[in-house]
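K.L.:
Pasting a structure below so you can have a look.
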Amino acid sequence: MNDEMLLERIVLDPAVMTGKPVIRGTRLSVDFILNLFAHGATTQEILDEYDGLTPDDIRACFLFATNTMRDTSFVPLDLALR
């Protein structure tokens, strides 16, 4: 699946989760999914917990985050943690 097709899985709608990027058809935000990984969840655990979620949805979250970070300025880590 190409990048464009993956990114179509992520939507921003002011009426859903106050406009946060979410997986299409869900109220699962990109940052929520990434935070699950940051706290040790596995792909399989996430897929088991959220019916209808697919591996491509998870890949779309990572791609969205990667593209978002690509368009930001570098902030030294010690400043970002303050």
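K.L.:
I need a count of the residues in the stretch 57-82 that are among the β-branched types (Val, Ile, Thr) and modelled with pLDDT of 95 or more.
P.N.:
Looking only at that region, the number is 1.
K.L.:
Please verify whether Phe37 is under 15 Å from Leu7 (Cα atoms) and either surrounded by 13 or more Cβ atoms within 10 Å (Cβ to Cβ) or of a type outside the set (Phe, Trp, Tyr) (or both), treating the condition exactly as stated.
P.N.:
On the way: under 15 Å from Leu7 (Cα atoms): no; either surrounded by 13 or more Cβ atoms within 10 Å (Cβ to Cβ) or of a type outside the set (Phe, Trp, Tyr) (or both): yes.
Considered against the rule, which asks whether it is under 15 Å from Leu7 (Cα atoms) and either surrounded by 13 or more Cβ atoms within 10 Å (Cβ to Cβ) or of a type outside the set (Phe, Trp, Tyr) (or both), Phe37 comes out as no.
K.L.:
Hey, another quick one. Just one of the numbered conditions (1) of a type in the set (Ser, Thr, Tyr); (2) at pLDDT below 95; (3) in contact with a Leu (Cβ under 9 Å, 6 or more places away or on another chain) is not true of Thr54; which one?
P.N.:
(2)
The values are calculated or read from the model by the stated rules, or taken from the named source; none is laboratory data. For clarity, every value in this text was computed on a predicted model and none was experimentally measured. Because the Cβ atoms are built from the backbone with ideal geometry, glycine has one as well, and the counts that use them run over all protein chains shown.
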